[in-house]
Amino acid sequence: MSEGIRVAAAEDIDEGTALKVDAEVAGTADDIAVFHSDDGSFYALNDTCTHEEASLSEGWIEDGEVECPIHSARFCLRTGEALCLPALVNAKAHRVEVRSGEVYLYPGETPD
């Protein structure tokens, strides 16, 4: 297990918003969106919607889900599960941890 990548101070990502981590920083094929859910929790999914080219970090976050800003596909923030059409493929979820007020991303590691 890696030490993770520090992406931001927790207070710098407002509830109901997301921060996009560039693929080059994450060491992944896709950018990763780190979401601060309206319940105060942090989650991370691959940023590109699995239905079509759209940035999930620009979507709407509510009740543990993110809605794609283009065609309204919804994904579970915790698991990446595609919750409705037009998305048929789940989004890749990544582990996130908050330590001492700092948000750390673990690209490729499955959330607990």
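The values are calculated or read from the model by the stated rules, or taken from the named source; none is laboratory data. Just so you know, these numbers come straight off a predicted model, no measurement behind them. Cβ: placed from backbone, ideal geometry, glycine included. Neighbour counts: every protein chain shown. Side chains are part of the model used for accessible areas, which takes the heavy atoms of the whole protein and leaves out ligands, DNA and RNA. Shrake-Rupley method; radii C 1.70, N 1.55, O 1.52, S 1.80 Å.
Numbers below:
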read-out: For the chain, diffusion coefficient by Stokes-Einstein and Kirkwood Rh (Cα), 10 °C, 1.306 mPa s, µm²/s; value: 117
read-out: Gyration tensor verdict on the range 50-112 (Cα atoms; rounded if a/c is under 1.5, prolate if a/b is larger than b/c, oblate otherwise); value: prolate
read-out: Most fluctuating residue given options GLY40, GLY16, GLY64, as computed from a GNM of the chain linking Cα atoms under 10 Å; value: GLY40
read-out: For the chain, calculated [θ]222 nm from helices alone, where every DSSP H run of n ≥ 4 adds -39500 (n - 2.57); value: -500 deg cm²/dmol
read-out: Dipole magnitude of the range 18-112, debye to nearest 20 (Cβ charges: Lys/Arg +1, Asp/Glu -1, about Cα centre); value: 180
read-out: Carbon and sulfur %, accessible surface of the range 48-105 computed with the full protein complex present, 1.4 Å; value: 45
read-out: Residue-count net charge about TRP60 - beta-carbon cut-off 10 Å; Lys, Arg +1, Asp, Glu -1; value: -3
read-out: Solvent-accessible area per residue, Å², over the chain with all protein chains present [probe radius 1.4 Å]; value: 53
